Amino acid sequence: MSAGGNDGTKDGSADRAGFAASSEERHRERMQRKKELIDRKIAQATIERGVLVVNTGNGKGKSSSGFGMLARSLGHGFRCGVVQFIKGSFSTGEEAFFRRFEELDYHVMGEGFTWETQDKERDIRAAQSAWAIAAKMMADPGYDFVLLDELNIALAHRYVALDDVLAAVAARPERQHVVITGRGAPDALIEAADTVTEMRVIKHAFKAGIKAQKGIEL
């Protein structure tokens, strides 16, 4: 009985070892196929030009993603520009951090969210002033990367003409990257973009009564 039990244990261990080896081999084969597929796609992506990125949707992270791309661009030594269309009535961590970079032109042009100012004409003037700077940046080949934060809000309120934006992004220097953020991106802008991401809300701390936090929202 003892010998039989030992043999059974050994056989079970061998079976488990064989299964693990077989599972590992299948995993390697799947990963190899995946690598070959990705390598083919990378080899086929031969176009090198500036891209238009649009971050939209009701979820958190649109501006944060844009500033993440700004950080990458600065890391590569790019000349960058930022125009913030709405935020402006309070200081943010990204503004405090990114203003340290000499190769970055940073403009906070908004006077707060529209429900804060309660003055439509004032909002329009601020948006138009912001757009004038943004358009100048996009016409300048000296800028490698331009972030237009919350421009979609200005477009939704018709404070900035959509046709003007579409014309400017189409005529910009070939290698210039442009990122536009804000909820409610118009269909024509989405159509013109190379990359579009829609942020979706699942949960948000504000709905539970938690105030905006430094490093998270501010």
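So the values come out like this:
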item	result
Segment Ile202-Glu121, length gained on full extension (0.36 nm per residue, minus Cα span)	25.7 nm
Solvent-accessible area of His204 with every protein chain in place, 1.4 Å probe, in Å² to the nearest 10	60
Degrees, to the nearest 10: 162-171 long Cα axis against longest axis of the chain	70
Stretchable slack from Arg100 to Glu217, in nm (0.36 nm times residue separation minus alpha-carbon distance)	40.1 nm
Degrees separating the helix 62-75 axis from the principal Cα axis of the chain, which is the longest one	80
Debye log10 I(q)/I(0) at q = 0.13, 0.16, 0.24, 0.29 Å⁻¹ for the range 35-94, Cα point scatterers	-0.56, -0.77, -1.16, -1.26
Carbon and sulfur %, accessible surface of the chain computed with the full protein complex present, 1.4 Å	52
For the chain, diffusion coefficient by Stokes-Einstein and Kirkwood Rh (Cα), 10 °C, 1.306 mPa s, µm²/s	78
14 Å beta-carbon shell around Gly75, net charge (K/R +1, D/E -1)	+1
Most mobile of Glu174, Glu121, Glu198 in a GNM of the chain (Cα contacts under 10 Å)	Glu121
Segment Arg16-Arg40, length gained on full extension (0.36 nm per residue, minus Cα span)	5.0 nm
Folded to 0 to 90 degrees: helix 120-138 orientation relative to the chain principal axis, Cα	70
Of Lys62/Lys203; Lys35/Lys62; Lys62/Lys214; Lys60/Lys211; Lys62/Lys136, those spanning more than 20 Å from alpha-carbon to alpha-carbon	Lys35/Lys62; Lys62/Lys136
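The values are calculated or read from the model by the stated rules, or taken from the named source; none is laboratory data. Because the structure is a prediction, the values reported are computed rather than measured. Virtual Cβ from ideal backbone geometry, glycine too; neighbours counted across all protein chains shown. These accessible areas exclude ligands, DNA and RNA; they are computed on the full protein's heavy atoms, side chains included. Shrake-Rupley method; radii C 1.70, N 1.55, O 1.52, S 1.80 Å.
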